[in-house]
Amino acid sequence: MTDPRQPTGSIMVVGAHAGDAENMAAATVLKHTRAGHAATIVHMTLGEAGHPTLAPDVYAEQRKKEVAESARLMDAKAIWLPYRDGELPASDEVKFQVCDLIRQEKPAIILTHWKGSFHKDHVATHEIVRDAVFCAALPAIKRDLAAHRVQGVYFPENWEDMEGWRADVYLDVTDVWQDYLSVLRSHEFIRGGISSFRYLDYYDALGTTRGCLGGFHKAVALMMQPGSWVRKLRHLPELEPTQA
């Protein structure tokens, strides 16, 4: 018999580049892996074109090590796909590849990019995930694995994806905040020295701002599908701890 106290449901994050998933969703992942839920982090590309001095193939090897380490810190599984930074195609082939991953990992919820982004790979990822979730749920679409229906899709806050984005959920992540910062620091571009954008300062300050608005010490904000009410939660509803 299944133990009713055992957490059920897993979480999947799909990011356009290595580091995107961590920036926008690592605190949410940590909140739920610490409660016993499984998590899978999917990187559509390694973001290998973003280093000012290293060749893309050299930087790609560094990024693989970084995403492996950040996944370890989150107690999550890391998957990276073979698409090139800046050239991610929103094709049927890619959508079915993500569909297959959804059927394989069976997440209860998926976190991914909002479509209102100035980065083409982020927009492509949004479209890919949207269609992959649809295809994964349909038994009539025959693949190697059986259909799986995702219960919820959320769009975490990402500074590059803010056009039309809104905060629908304030999630209390106070208890995992220092672990979240450790995940961020596992990526060189977030620590500083590659990009002129102050990623670490931005997301640390954002946690304080969202905490003020949500009534917590530290919080993250997520967007739901249009028409939803603002909610202030300690866990996402699909992953609420089961009471003994």
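Apply 1/(1 + (r/R0)^6) to the Cβ-Cβ distance of Phe134 and Glu69, taking R0 = 30 Å, and write down the FRET efficiency to the nearest 0.05. The computed FRET efficiency comes out at 0.35.
On the basis of the beta-carbon distance and an R0 of 45 Å, Glu240 and Glu93 show a calculated FRET efficiency of 0.80. Lacking any other cysteine beta-carbon closer than 4.7 Å, the following Cys residues of the chain have no compatible partner: Cys212. For the peptides 202-214, 50-62, the ranking by packing is 202-214, 50-62, with the highest mean count of neighbouring Cβ atoms within 10 Å listed first.
State the three equivalent ellipsoid semi-axes of segment 32-150, derived from the C-alpha gyration tensor as the square roots of 5 times its eigenvalues, in descending order and whole Å.
Details: eigenvalues 125, 71, 31 Å².
Equivalent ellipsoid of segment 32-150: 25, 19, 12 Å, largest first.
Taking N as the residue count of segment 117-227, its C-alpha radius of gyration divided by 2.2 N^0.38 Å amounts to 1.29. Each helix, a run of at least 4 DSSP H residues, gives -39500 (n - 2.57); summed and divided by the residues of the chain, these come to -12000 deg cm²/dmol at 222 nm. For Trp80, the residues whose amide H sits under 5 Å from its own are His43, ignoring neighbours fewer than 5 places away on the same chain, with H placed 1.01 Å from N.
Given that just one value was derived from the coordinates, which of (i) 1.07; (ii) 0.95; (iii) 0.97 is Rg/Rh (Cα atoms, Kirkwood Rh)? Of the labelled values, this structure produces (ii). The magnitude of the dipole of the chain, with charges of +1 and -1 set on the Cβ of Lys/Arg and Asp/Glu and taken from the Cα centre, is near 620 debye. For the listed peptides 107-116, 16-25, a ranking on the average number of other beta carbons within 10 Å per residue, highest first, reads 16-25, 107-116. Judged by the gyration tensor of its Cα atoms, with axes a ≥ b ≥ c, segment 97-178 is oblate; a/c meets the 1.5 cut and b/c is at least as large as a/b. A Förster radius of 30 Å combined with the Cβ-Cβ distance from Arg34 to Ala147 puts the calculated FRET efficiency at roughly 0.50.
Sequence-ordered 3J(HN,Hα) estimates for segment 164-176 from the Karplus curve with 6.51, -1.76 and 1.60 and θ = phi - 60° stand at x, 7, 9, 8, 9, 10, 10, 10, 6, 10, 3, 6, 10 Hz, glycine and proline given as x.
Label-to-label distance for Phe118 and Asp100 is 3.6 nm, based on points extended 7 Å past Cα in the beta-carbon direction. Average accessible surface for segment 143-208: 47 Å² per residue, computed with a 1.4 Å probe over protein heavy atoms with every protein chain in place. Placing a label point 7 Å from the Cα of Met162 along the Cα-to-Cβ line, the residues of segment 176-205 whose backbone N sits under 18 Å from it are 196-205. Averaging the Cα positions of each part gives two centres, and for segment 139-163 and segment 27-93 these lie 17 Å apart.
The values are calculated or read from the model by the stated rules, or taken from the named source; none is laboratory data. These numbers were taken from a predicted model, which means no experiment stands behind them. We place every Cβ from the backbone using ideal geometry, glycine too, and count neighbours over all the protein chains shown. Calculation scope for accessible area: heavy atoms of the full protein, side chains included, ligands and nucleic acids excluded. Shrake-Rupley method; radii C 1.70, N 1.55, O 1.52, S 1.80 Å.
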